[in-house]
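Chemist: Starting off with a structure, shown below.
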2 protein chains.
Amino acid sequence: MKPTISHLELSLAEACAAITERIVPLEQECIPLTEALARVCAASTFADRPSPSCDQSARDGFALALQPLCADQAFAAFQVSGEIAAGCTTQKSLAPGQAFRIMTGAAVPTSTARVVPFEVCQEKDGKVLVPLAELARKQRHIRRQGCEVQTGQLLAAARTRLLPDHLLLLAENGCQALAVQRRPRVAVVCTGTELAQTGEPLLPGRKVSGNGTLLAALLETQHCTCVCCLTVEDNAERITALIEQIIERDQPDLLISTGGMGPGKFDLTEQVFARLGGVSVYNRLRVRPGRSTLFGLLDKVPFFGLPGPPPAVRLLFHELVAPAIVRLHGEEYSGGMLKKALLDDPAPLSQVDCTVLKGAVARVDEEGRLRVRLADRLEPINAIVHLNGEEGEVVSVRLIGPLA
Amino acid sequence: MKPTISHLELSLAEACAAITERIVPLEQECIPLTEALARVCAASTFADRPSPSCDQSARDGFALALQPLCADQAFAAFQVSGEIAAGCTTQKSLAPGQAFRIMTGAAVPTSTARVVPFEVCQEKDGKVLVPLAELARKQRHIRRQGCEVQTGQLLAAARTRLLPDHLLLLAENGCQALAVQRRPRVAVVCTGTELAQTGEPLLPGRKVSGNGTLLAALLETQHCTCVCCLTVEDNAERITALIEQIIERDQPDLLISTGGMGPGKFDLTEQVFARLGGVSVYNRLRVRPGRSTLFGLLDKVPFFGLPGPPPAVRLLFHELVAPAIVRLHGEEYSGGMLKKALLDDPAPLSQVDCTVLKGAVARVDEEGRLRVRLADRLEPINAIVHLNGEEGEVVSVRLIGPLA
C-alpha cells in the first residue's frame with residue numbers, strides 16, 4: 001500500500017522562490033587565476049595598483065621638456081639625449097632643451113611636457129626639429145598613470161561569474177590566485193525498471209536511459225561536477241539504499257532523480273523521499289510538464305524529483321534546477337529574467353489553469369526584434385516559452401542558449 | 001634597418017573571408033559520448049532504431065483486446081489476466097475478452113486495442129468493468145513504436161556543435177562513442193620587453209601581461225586547447241627562435257602573437273614572420289582597432305599577429321580569430337551573423353574610412369527589442385558594435401555572450 005502523501009502545490013514562480021530561499025551557497029576555495037574562467041568570484045577584488053603604473057608614451061616619438069634649445073618661426077630644436085624603449089626600468093629625467101627618443105608604452109622621463117611622434121619631426125646632427133604647431137596641440141601623447149585603472153577600483157565583484165574580461169583585469173593587477181565558490185557536486189539517479197544500463201544488450205520492453213546523459217551534460221553547462229549518474233529499477237528498497245549510499249560516499253550538494261513521480265504503484269520517488277526523512281517543499285506544480293514533481297531537503301541536501309520523460313526533464317532543469325545551482329554557486333539569483341518575444345505561429349491554448357512550458361528556438365530578426373518559434377520534437381532548443389493561456393503574439397521566454 | 005614590407009590592406013569582411021578560405025578543418029577522432037558535450041560532430045548520425053522501440057502504454061491502466069467478455073448498456077467486462085510493469089521483457093498477448101493491468105511505458109500486449117486508465121475502471125472478482133464511453137473515445141493511450149524517432153532519422157548533423165539535446169538523442173539510440181573533430185591546439189606568444197613574467201617582481205616601467213591570460217580564457221570559451229602561452233622581449237632573434245621551438249615542440253594548429261605590430265623599430269612581428277618564411281594574407285586592415293594586424297601562414301600553420309593593447313586583442317579575437325577557430329573545428333562558418341540593434345546613445349563618428357569596433361553590452365528590452373550600449377572601460381562585454389560612420393540609432397552588432 002502506498003502511503004498517503006499530502007499535496008503542497010505551488011506555481012512556477014512560487015516554486016523558484018521556495019527553492020532559492022532554501023539553498024545555502026557553498027564554501028569558498030582558493031584557485032590559480034589560470035583556472036578561474038567561469039568560476040564565481042567569492043569576494044570583491046579591487047586594484048592594488050594603478051594601470052598604467054606610470055606616465056607612458058602613447059606613441060613612438062620624442063619626449064620633450066618645456067624649453068627648447070632654440071627656436072625659429074617654424075621649428076623648435078631639442079638636443080637628443082638618448083632612447084627609451086618600452087620595458088626600460090631606469091626612470092630618466094629631462095633637462096630643459098633635451099629630448100629622448102621614446103617608444104610606445106615606455107615610461108616618460110620626469111619633466112616630460114609632451115611626446116611628439118617621429119613622423120612629424122626632423123632629426124639631424126644630434127638634434128630634433130619639432131614644428132611649433134605640434135607644440136601647440138592639445139594632444140600630448142602621454143597616457144597618465146592610472147588612466148585605465150586607479151588603485152581601489154573594482155576589478156571583479158563578489159558573486160560574479162568570471163569572464164575572460166575579468167581575468168584580464170585581475171592578471172594585469174598581478175593577481176595569481178583568488179577565492180572562488182566551490183563547484184557544486186551533483187548526483188543523478190534515474191529510476192525505472194524499463195531502463196537498460198549503458199552497454200547492456202537491449203531487450204524488448206527496455207530502453208536506454210537518455211536522462212543520465214542529458215543531465216550530466218546540462219550540469220556541465222552549469223559548471224557543476226556530476227559526481228555520479230546511476231540507473232536503478234523501480235524498487236523502493238533499492239532506490240532508498242542507493243540514495244543513502246550516494247549521500248554517504250559522494251557527498252553531493254544536490255541530488256536529482258528522474259522518473260517515479262506519477263500516481264502509479266511503481267511511482268516510488270515520493271515514498272522513498274519520505275522514508276529517507278525528506279522534508280517536502282512542494283510535490284505538485286501548476287506547470288506542464290511537471291505537475292508531479294518534487295523538491296525538498298534530505299537532511300541538508302536539496303533534492304529534485306523530476307519526471308521520467310526527457311523533454312520534461314530538460315524544461316524543468318532550466319526552470320527549477322538551474323536557479324538552485326545558481327544559488328549553490330553563490331551567484332545572485334535575479335528571479336527569472338523572462339524576456340518578451342514575438343511568437344511566429346501563435347497557437348491557441350486550451351489549458352489555462354497552469355503555466356505551459358514549450359521548448360523553442362529564439363532568434364533576433366532583421367529589425368532587431370526577439371522572435372521565437374516552438375521547436376520540433378528532435379530540435380535542440382535555446383529558449384523556453386511560458387504560456388499562460390492569455391497571450392497573443394507576444395510571449396514570455398527564458399533564453400537558455402545563444403540566439404540562432 | 002627594418003626590411004620593407006609591402007601592404008596588403010583588406011576590409012574586415014574581406015579579411016574574414018580570406019582567413020576562413022585558407023583554413024583546413026582538423027582531422028576526426030573517436031571519443032566516448034560522455035565526453036562529447038560542445039565537441040563538433042564529424043559525421044551525420046542517424047537513428048538505427050525507432051523510439052519508442054515498441055508500442056507502449058501511455059498511462060497506468062488496463063490494456064484491452066477488442067472484444068469484451070460481456071457488456072451491458074453502461075459497461076464492458078474483461079478478464080484480468082495479469083500485470084505488465086514497465087521494463088517487463090516478455091511480450092504478452094491478449095485473447096478476446098482479456099485485459100492486462102499495465103504501467104506507463106510498458107510494451108502493450110499484441111492485439112491491444114487501447115489502454116483505459118485505472119481511474120475510470122472498476123476492478124472486481126478478477127474482472128474489470130470499463131465504461132462504454134471510454135471504449136468509444138478517440139484517445140487510445142498507446143504510444144506507437146517510432147512516434148518520437150523513426151529509424152533513419154537525423155540525430156546530429158555533421159559540423160554541428162553537440163548540445164545536451166543532441167547527446168540525449170544519441171544516448172537513447174544506444175550511441176556510446178562517436179567521431180568528432182579534434183580540438184584545435186593553439187599557441188600564444190606575447191611580445192614586449194615591457195612585459196613582466198608572471199610572479200616576477202614588477203620593476204618600474206614594466207607591466208604584467210594580461211594578454212596571455214585573456215587569450216587563454218578566450219581560447220577556452222572557443223573549445224581550444226591552449227598548448228602554450230609565453231612572453232618574450234622585443235628581440236627578433238629570440239622571437240624567431242621561440243616560434244620555431246613552439247612549432248617543433250607543441251605542434252600548434254594556430255599561432256597567435258600580441259604586440260610588435262606598429263611602425264616602430266621595436267615592432268618586430270612582421271619581420272620575424274617574414275624571416276620564418278611566412279606568407280602574408282593581409283598586414284593592414286580598414287578596421288579600428290586593428291589597422292596594423294597580420295594574418296598569414298607559417299608553412300601550414302595559420303598565424304595571427306594581433307596588436308598589443310588588450311582591448312584591441314579582445315575585439316580582434318572575436319572578429320578574426322574566432323572565425324578561424326570555427327573553421328579549424330570543422331564547423332560551417334556562417335559569414336558573420338551581425339544583428340541589428342538600437343544604440344542607447346548614438347555617438348557621432350569622425351572616422352568614416354574604416355570600420356570602428358566598440359565593446360558593448362547588449363540586452364533585450366521590455367518590448368523584446370535588441371538594445372546595445374557602449375561599454376565602460378572595465379566592463380565585461382557581450383557584444384561588439386560595428387560603426388561605419390553612416391549609422392543613426394540602428395547599428396550592427398556581433399553577439400559574443402549571453403544577453404544581459
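Chemist: So if I take the alpha carbon set of segment B:12-100, get Rg, then get Rh from the Kirkwood formula, what is the Rg over Rh ratio? All intermediate terms of the calculation are to be shown ahead of the outcome.
Modeler: On the way: Rg = 27.4 Å, Rh = 19.4 Å.
Using Cα coordinates only, the ratio equals 1.42.
Chemist: Let a ≥ b ≥ c be the square roots of the eigenvalues of the Cα gyration tensor of the protein assembly as shown; is it rounded (a/c under 1.5), or, if not, prolate (a/b larger than b/c) or oblate?
Modeler: Values: a/c = 2.68, a/b = 2.55, b/c = 1.05.
It is prolate, given that a/c is not under 1.5 and a/b is the larger ratio.
Chemist: Using only alpha carbons, build the gyration tensor for segment B:205-269 and give me the equivalent ellipsoid semi-axes, biggest first, whole Å.
Modeler: Numbers: eigenvalues 90, 52, 20 Å².
They are 21, 16, 10 Å, listed from largest to smallest.
Chemist: Considering Cα pairs under 8 angstrom that are at least six residues apart, work out the relative contact order of chain A and quote it in whole percent. Before the final figure, lay out each step's value.
Modeler: Working: 887 pairs, mean separation 68.7, N = 404.
About 17 percent, as a whole number.
Chemist: Please express the shape of segment A:56-143 as an equivalent ellipsoid: the semi-axes are the square roots of 5 times the eigenvalues of the C-alpha gyration tensor, given largest first in whole angstrom.
Modeler: Values: eigenvalues 72, 35, 25 Å².
After diagonalising the Cα gyration tensor, the semi-axes are 19, 13, 11 Å.
Chemist: One-quarter of the Cα convex hull surface for segment B:1-59, in nm²?
Modeler: On the way: hull surface 40.5 nm².
So the mean shadow area of the Cα hull is 10.1 nm².
Chemist: Same structure again: How big is the gap, in Å, between the Cα center of segment A:309-328 and the Cα center of segment B:1-56?
Modeler: Spelled out, the Cα-based centre of one part sits 30 Å from the other.
Chemist: HN-Hα J couplings of segment A:378-389 from phi, Karplus 6.51/-1.76/1.60, θ = phi - 60°, integer Hz, Gly and Pro as x?
Modeler: Coupling constants for segment A:378-389: 8, 7, x, 10, 10, 7, 10, 8, 9, 10, 10, x Hz.
Chemist: Evaluated at 25 °C with a viscosity of 0.890 mPa s, what Stokes-Einstein diffusion coefficient in µm²/s does segment B:288-344 have when Rh comes from the Kirkwood expression over alpha-carbon pairs?
Modeler: Values: Rh = 13.0 Å.
The Stokes-Einstein estimate is 189 µm²/s.
Chemist: Can you divide the C-alpha Rg of segment B:179-301 by 2.2 N^0.38 Å and report the result to two decimal places? Please report the intermediate quantities before stating the final value.
Modeler: Working: Rg = 14.7 Å, N = 123, 2.2 N^0.38 = 13.7 Å.
With N residues counted in segment B:179-301, Rg over 2.2 N^0.38 Å equals 1.07.
Chemist: Also, quick follow-up: Given all pairs of different Cα atoms, what value in angstroms does the Kirkwood hydrodynamic radius of segment A:85-236 take? Before the final figure, lay out each step's value.
Modeler: Details: mean 1/r = 0.0443 Å⁻¹.
One decimal place: 22.6 Å for the Kirkwood radius.
Chemist: May I pose another question? Test of the criteria: in segment B:291-348, which trypsin sites (Lys or Arg not before Pro) are in a DSSP loop and have at most 10 other Cβ atoms within 10 angstrom of their Cβ? Don't jump to the answer; show the numbers that get you there.
Modeler: On the way: sites: B:Arg291, B:Lys300, B:Arg314, B:Arg327, B:Lys339, B:Lys340; in loops: B:Arg291, B:Lys300.
Hits after loop and neighbour filter: B:Lys300.
Chemist: Can you give the direction-averaged projected area of the convex hull of the alpha-carbon atoms in segment A:339-399, in nm²? Before the final figure, lay out the partial values.
Modeler: Values: hull surface 16.4 nm².
Result: a mean projected hull area of 4.1 nm².
Chemist: Report, in deg cm²/dmol and to the nearest 500, the calculated mean residue ellipticity at 222 nm for the protein assembly as shown, where each DSSP H run with n ≥ 4 adds -39500 (n - 2.57) and the sum is divided by the residue count. Don't skip to the answer; put the middle values down first.
Modeler: Details: 16 runs with 144 residues, N = 808.
Result for the protein assembly as shown: -5000 deg cm²/dmol, rounded to the nearest 500.
Chemist: Can you give the Rg/Rh ratio of chain B, where Rg is from the C-alpha atoms and Rh is the Kirkwood radius?
Modeler: On the way: Rg = 31.8 Å, Rh = 26.0 Å.
Taking Rg over the Kirkwood Rh, I get 1.22.
Chemist: Next up: What Rg and what Dmax come out for segment B:252-349 when only alpha-carbon atoms are used, in angstroms?
Modeler: 15.1, 47
No value in this document is a laboratory result; all are computed from the given coordinates. Source: prediction; values computed, not measured. Every residue, glycine as well, gets a Cβ built from its backbone with ideal geometry; the counts of neighbours run over all protein chains shown.
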